[in-house]
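Written below as structure tokens is the structure these notes are about.
The values are calculated or read from the model by the stated rules, or taken from the named source; none is laboratory data. The model shown is predicted, which means the values in this text are computed figures rather than measured ones. Counting neighbours? That spans all protein chains shown, and the Cβs are built from the backbone with ideal geometry, glycine included.
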Amino acid sequence: MFDPVLLRSFVAVVDCGNFTRAAERLHLTQSTVSQQIRRLEDVAGCQLLDRDQRRVVATTEGERLLAYARRILALHEEAADVLINQQSDGVLRLGVPEDFASERLLPLLSAFVGAYPRVRLEVTSGLGPELQRQYRSGEFDVLLVKQMGDSDDCLASWPEPLCWVDSRSMPCLDREPLPLVAFPVGGLYRNEMLQHLEVGGWRWRIGYSSASLAGVCAAVAAGLGISLLPVRVVQAGHQILGEDSGLPVVQGVRLALYARSGLGAAGQCLQSELFDLCANSPC
């Protein structure tokens, strides 16, 4: 019913408070803008602007239409962006571990997006078991994931050394029961941590749980509990608990790379870049 061209002129006049400035903004003549406003008022069946004021303002009916006009124009621009400006060479879906999708990975992804601007890259981070499930169900094209040991269909894998981490300023190791900082149920590190403590006969309790690596690291540093984490994420506020702590040694965790067959040039490039990143990164 309402022509977006007419609505755009209406919004411009209200925002500028003046037909002349609105015409300049729209790169139209003042008479054209005036004609468009009259046409819009004819369609609406009411007066939309009060022209008797020093500054042109919307009438009561005009104020009602103004909110709708802004929404209509925003949707119009969004549709144009999706259908015209974002035409792409396809979608590439990548799954990565939550604790890996940070400073190690982001520069690589930024460079990839710059090199393949017509490929829509969709990145999902999360916990290992859920990422594996999503990949197996076809939701990812390329996957980096933490897992126990190797699997037959992964392209490559690398060791991911883990260590027990305590607070440097407020250590928790001697507390009874032992407080733990953990990822949510289903997380690989959580499963390994609890399993090894149970086998070792430790009494423990979950003192803090977070799905965020930053949250887990901060909670450990604050003295809310110890945790099992990759060696590479240990921070200044942490201390690594060695074998003399009596805690069990955890081994076998690996970072694995998966990719579907038949990937295009962009997918193969991303796969190669991820391989090089993992192969050349220090453990």
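Yes or no: the range 69-89 includes at least one residue that is touching a strand residue (DSSP E or B) at 6+ places or on another chain (Cβ under 6 Å), loosely packed, with under 14 Cβ neighbours inside 10 Å and either modelled with pLDDT under 90 or among the small types (G, A, S) (or both).
Step one: filter the range 69-89 for residues touching a strand residue (DSSP E or B) at 6+ places or on another chain (Cβ under 6 Å), giving 88-89.
Checking which are loosely packed, with under 14 Cβ neighbours inside 10 Å leaves us with 88-89.
Still in the running and either modelled with pLDDT under 90 or among the small types (G, A, S) (or both): 88-89.
Among the residues of the range 69-89, at least one is touching a strand residue (DSSP E or B) at 6+ places or on another chain (Cβ under 6 Å), loosely packed, with under 14 Cβ neighbours inside 10 Å and either modelled with pLDDT under 90 or among the small types (G, A, S) (or both), which makes the answer yes.
Does L127 satisfy being under 18 Å from V253 (Cβ atoms) and at pLDDT 90 or above? Let's see the steps before the verdict.
Working: under 18 Å from V253 (Cβ atoms): yes; at pLDDT 90 or above: no.
No; evaluated as a whole, the condition is false for this residue.
Here is a yes/no grid of residues against (1) within 15 Å of R254 (Cα to Cα); (2) of a type in the set (V, I, T):
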position: S151; (1), (2): yes, no
position: P161; (1), (2): yes, no
position: C172; (1), (2): no, no
position: R175; (1), (2): no, no
position: L178; (1), (2): no, no
position: V181; (1), (2): no, yes
position: N191; (1), (2): yes, no
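Here are some residues: D174, D153. Which one is over 25 Å from the mean Cα position of the chain (by Cα) and without any contact (Cβ under 8 Å) to a residue 24 or more places away in the chain?
D174 is the lone residue from the list that is over 25 Å from the mean Cα position of the chain (by Cα) and without any contact (Cβ under 8 Å) to a residue 24 or more places away in the chain.
Out of the range 224-237, which residues are surrounded by 20 or more Cβ atoms within 10 Å (Cβ to Cβ), closer than 18 Å to P179 by Cα and of a type outside the set (A, V, I, L, M)?
The answer is G225, S227.
Taking P171 as the residue in question, decide whether it is of a type outside the set (D, E, K, R) and either exposed (fewer than 12 other Cβ atoms within 10 Å of the Cβ) or not assigned by TED's automatic domain parsing to the domain that holds R232 (or both).
On the way: of a type outside the set (D, E, K, R): yes; either exposed (fewer than 12 other Cβ atoms within 10 Å of the Cβ) or not assigned by TED's automatic domain parsing to the domain that holds R232 (or both): no.
When the stated conditions are applied, P171 does not pass them.
Tell me which helices (runs of 4 or more DSSP H) are completely within the range 1-45 and hold 1 or more residues being within 16 Å of R64 (Cα to Cα), of a type outside the set (F, W, Y) and without any contact (Cβ under 8 Å) to a residue 60 or more places away in the chain, or say none if there are none. Don't jump to the end; show me each part of the working.
On the way: elements: 4-16, 19-26, 30-44.
Where helices (runs of 4 or more DSSP H) fall fully within the range 1-45 and carry at least 1 residues being within 16 Å of R64 (Cα to Cα), of a type outside the set (F, W, Y) and without any contact (Cβ under 8 Å) to a residue 60 or more places away in the chain, they are 4-16, 30-44.
Taking the range 46-76 on its own, how many of its residues are in contact (Cβ under 8 Å) with a residue 12 or more places away in the chain and either assigned to a loop (DSSP other than H, G, I, E, B) or in contact with a Lys or Arg (Cβ under 7 Å, 6 or more places away or on another chain) (or both)?
7
For the range 238-251, which residues satisfy the criterion of being touching a Phe, Trp or Tyr at 6+ places or on another chain (Cβ under 7 Å) and crowded, with 16+ Cβ neighbours inside 10 Å?
L241, L247, listed by residue number.
Where in the range 108-224 are the strands (runs of 3 or more DSSP E), entirely inside, with at least 3 residues that are more than 23 Å from D276 (Cβ to Cβ)?
Passing ranges, in order: 162-167, 178-182, 204-209.
Tell me, please, whether a residue that is modelled with pLDDT under 85, under 15 Å from the mean Cα position of the chain (by Cα), outside the structural domain of P184 (by TED's automatic domain parsing) and of a type in the set (G, A, S) can be found in the range 102-115.
Yes.
Among the residues of the range 227-283, count how many are farther than 27 Å from D174 by Cα, of a type in the set (S, T, Y) and either in contact (Cβ under 8 Å) with a residue 24 or more places away in the chain or assigned to a helix (DSSP H, G or I) (or both).
Count: 3.
Every residue in the range 252-267 that is surrounded by fewer than 17 Cβ atoms within 10 Å (Cβ to Cβ) and either outside the structural domain of L143 (by TED's automatic domain parsing) or in contact with a strand residue (DSSP E or B) (Cβ under 8 Å, 6 or more places away or on another chain) (or both), please.
Within the range 252-267, G252, R260, L263, G264 meet the criteria.
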